[in-house]
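> This is the structure, below, for whatever I ask next.
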Amino acid sequence: MKQIYTFFMGCCVALLFAGCNEDTGRVVYPYSCPQMSGLTFSFTEEVTATDSIWFSVEITDPETPLSTLEVEVTQGEKEIFSGSIRTAGYTNQVSRYGIYIPFTSQMEEGEARITLTAINVEGSEAQQTKTFILRRPQIPQTIYLHYADQVIPMTRDADNPYEYVSAAGDYPDTWSGKISTAGSLVDSELIWGYAETNNQAGLVSATGAGFSFHFPDWQIDHVTFNTFTFRLGVIGFQKDIRIGGVLLEASDGYFQAGISFVQGEEVEVSGIEDLEGAYNRDFFDYDPQTGKLTFLRESGYWEVYYSSNYNYIWVTRMDDVAPDAFWLIGHGFICAPVWHEEFDYDGWHTDEVARLGYVVKIAGHTYQTTIYLSDTHEWGSFEMEIYSDREWEKTGGMELQEGSLSGDVTGFAVSGSNGFTNAEGFVPGYYRLTFDTSDGVSREKMFIERIGD
């Protein structure tokens with residue numbers, strides 16, 4: 001009976017201070033304001049973006065029930081966080097309410113504030129504000145670009161502390177990737193990935209989706225990333241390259257097109273400044289007086305690739321098999337007349353034009369390819385084999401033997417796998433290789449002619 005009496009008396013006290021709206025029947029409480037006490041924060045003066053912070057506070061209103069506690073973090077006019085906490089009764093304890101401070105594009109270091117607004121059921125409110133300095137995360141001198149199973153360092157620009165630039169290379173014009181603060185995504189404190197807009201990034205987890213890199217019709221030498229705007233960019237150029245009037249389109253690091261050529265006809269090229277250095281010696285003659293090429297090989301449709309990074313024109317038919325053509329596959333060579341240090345590494349590719357040698361038929365049983373050979377490769381040599389296709393097939397390929405080599409043979413030797421490699425006395429340079437297959441497999445002859453340094 002004592003408990004019932006206490007409850008009844010409490011109800012009477014409440015009704016003494018509350019009225020009733022005659023139209024709605026809703027209880028109307030007297031005017032009062034919530035009060036906040038015991039407000040504590042997990043930080044003092046500074047917060048770094050990507051940190052999690054918390055606060056605790058007790059809210060009371062002895063006359064009017066509480067409704068919500070509104071939480072807002074702002075920097076200038078920009079809202080960083082907002083949340084709403086349900087606060088029931090006349091007293092409510094909020095303990096260690098957590099707030100994640102995101103790192104977003106355009107975020108500057110400077111003053112920010114956290115505002116707490118306690119509201120009761122009648123709409124009266126009380127407010128507490130704490131100001132603090134918002135800091136950007138420390139980003140290292142080198143960050144890392146991840147795409148196509150590659151990890152490529154990006155170095156901070158000397159003139160712009162927000163701008164990072166990748167190493168030089170032939171980058172595709174469209175791909176998906178991520179950028180991280182460590183070489184391993186798992187070990188990275190910050191990872192930039194998916195955003196709704198092409199060439200824009202946002203922070204993601206190690207397993208999150210990548211951003212969309214999209215620069216069609218560009219020859220891309222470097223990728224750039226701005227850690228203030230989270231914007232991707234390029235160092236390169238958009239080019240209008242035409243061969244025989246056909247526009248070469250930028251794709252996968254090359255300008256490329258399928259072009260029909262007629263043997264013996266002149267071919268006009270535009271958009272390549274150093275055509276004399278770029279033209280393919282196995283397919284064209286170059287006239288320095290007119291600046292035009294003359295097509296030498298079989299009339300028909302050919303696949304053409306141009307790289308501004310290597311300044312070279314590849315002409316090929318990627319599906320050809322012997323005896324229509326042969327394939328040089330190996331390491332320590334490039335088709336361009338100038339050596340490039342990237343070719344000191346890796347090799348034995350069957351699907352990358354720049355890493356292949358297309359051995360074109362120039363007569364009935366005679367084939368030719370012109371390549372720069374170097375023994376500066378990380379494996380201490382050059383070595384290649386002659387295949388009948390790009391699927392490692394040697395049944396119809398060439399099997400060189402002792403005595404197969406002639407011409408400028410100093411520094412050349414038949415390899416253990418019946419291809420060829422360097423030997424004592426080799427001098428790097430540009431070599432034309434001519435093959436005679438008239439005697440059949442294992443009886444081929446290779447004539448070597450050094451045509452440049």
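> Being buried (at least 16 other Cβ atoms within 10 Å of the Cβ), within 12 Å of the chain's Cα centre (by Cα) and at pLDDT below 95: is that true of Ile220 here? First the steps, then the outcome.
Details: buried (at least 16 other Cβ atoms within 10 Å of the Cβ): yes; within 12 Å of the chain's Cα centre (by Cα): yes; at pLDDT below 95: yes.
Yes; evaluated as a whole, the condition is true for this residue.
Condition check ((1) open to solvent by less than 40 Å² (accessible area, probe 1.4 Å); (2) in contact with a Ser or Thr (Cβ under 9 Å, 6 or more places away or on another chain); (3) at pLDDT below 95; (4) more than 23 Å from Glu352 (Cβ to Cβ)) across all residues:
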residue	(1), (2), (3), (4)
Glu393	no, no, yes, no
Glu402	no, no, yes, yes
Thr410	no, no, no, yes
Ala413	yes, yes, no, yes
Phe420	yes, yes, no, no
Val427	no, yes, no, yes
Tyr431	yes, yes, no, no
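> Name the pairs whose Cβ atoms lie under 6 Å apart, with the first residue in region 98-116 and free of Cβ contacts under 8 Å to residues at least 40 places away in the same chain, the second surrounded by fewer than 15 Cβ atoms within 10 Å (Cβ to Cβ) and assigned to a strand (DSSP E or B), and 6 or more positions between them or separate chains?
Listed by first residue and then by second, the contacts come to Glu111/Thr131.
> Just a yes or no: is a residue in region 347-355 among the acidic types (Asp, Glu), under 28 Å from Ser307 (Cα atoms) and in contact (Cβ under 8 Å) with a residue 40 or more places away in the chain?
Checked region 347-355: no residue is among the acidic types (Asp, Glu), under 28 Å from Ser307 (Cα atoms) and in contact (Cβ under 8 Å) with a residue 40 or more places away in the chain.
> Does Phe284 satisfy being aromatic (Phe, Trp, Tyr), modelled with pLDDT of 95 or more and surrounded by 19 or more Cβ atoms within 10 Å (Cβ to Cβ)?
So Phe284 fits the description; yes.
> If the Cβ limit is 6 Å and pairs must be 6+ apart or interchain, which residue in region 305-333 that is within 28 Å of Gly236 (Cβ to Cβ) and without any contact (Cβ under 8 Å) to a residue 60 or more places away in the chain pairs with which residue that is open to solvent by 30 Å² or more (accessible area, probe 1.4 Å) and polar (S, T, N, Q)?
Pairs found: Tyr305/Gln256.
> Output the residue which, of all residues in region 166-190 that are outside any loop (DSSP other than H, G, I, E, B) and among the small types (Gly, Ala, Ser), is farthest from Gln138 (Cα to Cα).
Residue satisfying both the conditions and the ranking: Ser176.
> Let me ask something additional. Which of the residues spanning region 263-288 are outside any strand (DSSP E or B) and more than 23 Å from Thr434 (Cα to Cα)?
If the condition is that a residue be outside any strand (DSSP E or B) and more than 23 Å from Thr434 (Cα to Cα), then Glu265, Glu268, Gly271, Ile272, Glu273, Asp274, Leu275, Pro288 are the ones that fit.
> Residues that are within 26 Å of Val315 (Cβ to Cβ), under 37 Å from the mean Cα position of the chain (by Cα) and hydroxyl-bearing (Ser, Thr, Tyr), at least 1 per element: which strands (runs of 3 or more DSSP E) completely within region 337-434 meet that?
Correct list: 357-363, 366-373, 383-387.
> Answer yes or no: is there a residue in region 325-333 that is open to solvent by 40 Å² or more (accessible area, probe 1.4 Å) and modelled with pLDDT of 95 or more.
no
> Okay, next question. Quick check on my filter: what residues within region 191-217 are free of Cβ contacts under 8 Å to residues at least 24 places away in the same chain and surrounded by 22 or more Cβ atoms within 10 Å (Cβ to Cβ)?
Once the filter is applied, which keeps residues that are free of Cβ contacts under 8 Å to residues at least 24 places away in the same chain and surrounded by 22 or more Cβ atoms within 10 Å (Cβ to Cβ), region 191-217 yields Ile191, Gly193.
> Scan region 318-334 and tell me whether some residue there is part of a strand (DSSP E or B) and over 37 Å from the mean Cα position of the chain (by Cα).
The answer is no, given that none of the residues of region 318-334 is part of a strand (DSSP E or B) and over 37 Å from the mean Cα position of the chain (by Cα).
> Counting only residues that are touching a Gly at 6+ places or on another chain (Cβ under 9 Å), under 24 Å from Arg242 (Cα atoms) and modelled with pLDDT of 95 or more, which one in region 307-324 is most open to solvent (accessible area, probe 1.4 Å)?
Ranking the qualifying residues of region 307-324, first place goes to Arg317.
> Could you grab me the full set of residues in region 229-262 that are within 24 Å of Asp351 (Cβ to Cβ), open to solvent by 70 Å² or more (accessible area, probe 1.4 Å) and assigned to a strand (DSSP E or B)?
The answer is Glu249, and nothing else.
> I'd like to check something: does region 438-447 contain any residue that is under 29 Å from Asp351 (Cβ atoms), at pLDDT below 95, in a loop (DSSP other than H, G, I, E, B) and open to solvent by 40 Å² or more (accessible area, probe 1.4 Å)?
Checking region 438-447: at least one residue is under 29 Å from Asp351 (Cβ atoms), at pLDDT below 95, in a loop (DSSP other than H, G, I, E, B) and open to solvent by 40 Å² or more (accessible area, probe 1.4 Å).
The values are calculated or read from the model by the stated rules, or taken from the named source; none is laboratory data. As the structure is a computational prediction, the values presented were derived from the model and not from experiment. So basically every Cβ, Gly included, is an ideal-geometry build from the backbone, and we count neighbours across all protein chains shown. Areas reflect the complete protein model, heavy atoms only, side chains present, ligands, DNA and RNA absent. Shrake-Rupley method; radii C 1.70, N 1.55, O 1.52, S 1.80 Å.
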